[in-house]
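Before any comments, here is the structure.
Throughout, read-outs are computed from the coordinates displayed, never taken from laboratory work. From a predicted model like this one, the values you see are computed outputs, not experimental measurements. Glycine gets a Cβ as well: all are built from the backbone with ideal geometry, and neighbour counts include every protein chain shown.
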Amino acid sequence: MNRYKLLTAAAAIFLAACAGPSSYNPTPWWTIHETAFKSLKPGISTKEDVRRQIGVPLTESHFPRLNEDAWEYRYLEGTTIVMLAYLYFDPNGVLKSYEQRLDPAFTGGFALP
């Protein structure tokens, strides 16, 4: 690799590092507890309600064939059990359903149904 390419690569890495934090900051999972999900009502709760009650999701996905959005949250059940919650929204942003399960990253690599 010649010197010009090396300096260009170093400059690109430096600029990327200086760009600052991304604007996407999910709510820290250890601050979310199972009680945050208790008041959600499919058919009534909206995306805005969920963001206000629970916070920013870990991931947001869109499924065109199903015509729905899915948000993923990691949270604590009790004081030590790490869980995942998946919330599904219709095209109008209204909660359709949600499911909760053990987080496989914290339970030995598999999730129980």
proj_area_mean for segment 26-102 (convex hull on C-alpha atoms), units nm², value 4.6
Among the Cα-Cα pairs of segment 23-67, the proportion with separation greater than 16 Å, in percent, is 47
Ranked on Cβ counts within 10 Å of their own Cβ, fewest leading, 89, 63, 37, 106 go 63, 106, 37, 89
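Could you compute the net charge surrounding residue 107? Neighbours are other residues with a C-beta less than 13 Å from the C-beta of residue 107; K and R count +1, D and E count -1.
Net charge in that neighbourhood comes out at 0.
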